[in-house]
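> Pasting in a structure now, in structure tokens, and then I'll have a few things to ask.
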Amino acid sequence: MAIHHAPPSSPSDSWASPLSIDLLLKVANVTFLHPFVAWMIPLCLRAQVYPWTSPVMQSAILYASLLTLFFFLGILNRQVAYSKPRVVNLGEEVIVITGGASGLGLLVAEVYGMRGATVAVLDIAELEAGEARGVTVYKCDVGDAEQVAKVAAQIERELGTPTILINNAGVVNGGTLVDTSISQIQRSISVNLLAHFYTLKAFLPGMIRSGHGTIVTVSSVLGTTGAARLTDYAASKAGHAAVRGGADAEPVLGAGGGAGGCGEGDYSGGGCGVE
């Protein structure tokens, strides 16, 4: 790894720094590559009294028709790959939230608890709010596979088979790569990434047996960009997409009926949220 000082940015090219292929493609998809916009062209031509047999009119109709075809083929492709989102009745759902004793996790737990769901929070701390309706706290270090497996069995005995898993737990060290200790890095990777393997191993079998389930991953944009003083955190978050992509591709979990597909079972893979 070469260490060098970045040259000062030139004012002449600063206007182009936000531009990227992803941004241009996103703009194109909601403008001239969108069927609705494309169909405006033949309508405008017709308003100008262009005949239907005009080459310009026929080209515009062909262009709009092709975009419409691709649009619906995209919908069909997603339907075949991931099937329909399952119908969720919160009164019958058992939701497991890791890191739900405070912050975003606590908010999610409180909302689902108030809406009638049975919520199990896995955390090393007590609820920041003291108590919450419909929420049960299980003391658990999600970075410890044995603790996760033990608590998973306890939840199934006491609350029933979990049908929704929200992987939310995370830790931030906030130090430079040089200053962050090996133990801190290991802890960050363990809680932020390895815990996802532990919870999937613990709760997926029950979802597969019951024939339905939902998995939600709370991730971060830093998993795609990285940031100073957050190297270990960003690396752990970058692994989330790989874990979910790999799980979706497995025959029992992907298009054949699993987290991300719906063969004989009824599953939905919640994908990656963004902090």
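The values are calculated or read from the model by the stated rules, or taken from the named source; none is laboratory data. Computed from a prediction, not measured in an experiment: that's the story for all the values here. FYI the Cβ positions are ideal-geometry reconstructions off the backbone, even for glycines, and counts take in every protein chain you see.
> Going residue by residue through the range 146-161, is there one that turns out to be of a type in the set (D, E, K, R), over 28 Å from Val88 (Cβ atoms) and in the same structural domain as Phe197 (by TED's automatic domain parsing)?
For the range 146-161, residues of a type in the set (D, E, K, R), over 28 Å from Val88 (Cβ atoms) and in the same structural domain as Phe197 (by TED's automatic domain parsing): present.
> If I filter the range 57-105 down to residues being small (Gly, Ala, Ser) and surrounded by fewer than 11 Cβ atoms within 10 Å (Cβ to Cβ), which single residue comes out as nearest to Pro35 (Cα to Cα)?
Among them, the one singled out is Gly74.
> Residue by residue through the range 131-166, note down the ones that are under 15 Å from Val108 (Cα atoms), out of contact with any Leu (no Cβ under 8 Å at 6 or more places or on another chain) and not acidic (Asp, Glu).
Across the range 131-166, the qualifying residues are Arg133, Gly134, Ile164, Ile166.
> What's the total number of residues in the range 74-117 that are in contact (Cβ under 8 Å) with a residue 60 or more places away in the chain and at positive phi?
So the count comes out to 2.
> Just for the range 200-226: of the residues that are of a type in the set (A, V, I, L, M) and assigned to a helix (DSSP H, G or I), which one is nearest to Lys150 (Cα to Cα)?
This residue is Ala202.
Per-residue answers, yes or no, for (1) in contact with a helix residue (DSSP H, G or I) (Cβ under 9 Å, 6 or more places away or on another chain); (2) closer than 30 Å to Ala120 by Cβ; (3) at pLDDT below 90:
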| residue | (1), (2), (3) |
| --- | --- |
| Ser12 | no, no, yes |
| Leu66 | yes, no, no |
| Val96 | yes, yes, no |
| Gly103 | no, yes, no |
| Leu106 | no, yes, no |
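> If you don't mind, there's one more thing I want to ask. Taking the stated definitions as given, is Ala125 hydrophobic (A, V, I, L, M, F, W, C), outside any helix (DSSP H, G or I), farther than 24 Å from Phe197 by Cα and assigned by TED's automatic domain parsing to the domain that holds Leu165?
Spelling it out, it is not the case that Ala125 is hydrophobic (A, V, I, L, M, F, W, C), outside any helix (DSSP H, G or I), farther than 24 Å from Phe197 by Cα and assigned by TED's automatic domain parsing to the domain that holds Leu165.
> Going through Arg86, Arg78 one at a time, which residue ends up being within 21 Å of Asp248 (Cβ to Cβ), of a type in the set (Lys, Arg) and touching a Ser or Thr at 6+ places or on another chain (Cβ under 8 Å)?
Answer to the selection: Arg86.
> Of all residues in the range 110-133, which are within 17 Å of Ala152 (Cα to Cα) and buried (at least 20 other Cβ atoms within 10 Å of the Cβ)?
Thr118, Val119, Ala120, Val121, Leu122, Asp123 - these are the residues of the range 110-133 that are within 17 Å of Ala152 (Cα to Cα) and buried (at least 20 other Cβ atoms within 10 Å of the Cβ).
> Step by step: first the residues of the range 16-65, then only those that are of a type in the set (Val, Ile, Thr) and not in a loop (DSSP other than H, G, I, E, B), then the one that is farthest from Thr225 (Cα to Cα). Which residue is that?
Per the criteria, the residue is Val56.
> Residue under question is Ala120, and the condition is that it be in contact with a Phe, Trp or Tyr (Cβ under 9 Å, 6 or more places away or on another chain), touching a residue at least 24 places away in the same chain (Cβ under 8 Å), among the small types (Gly, Ala, Ser) and assigned to a helix (DSSP H, G or I); does it hold?
no
> Quick one: count up the residues across the range 152-188 that are aliphatic (A, V, I, L, M), part of a helix (DSSP H, G or I) and crowded, with 18+ Cβ neighbours inside 10 Å.
3
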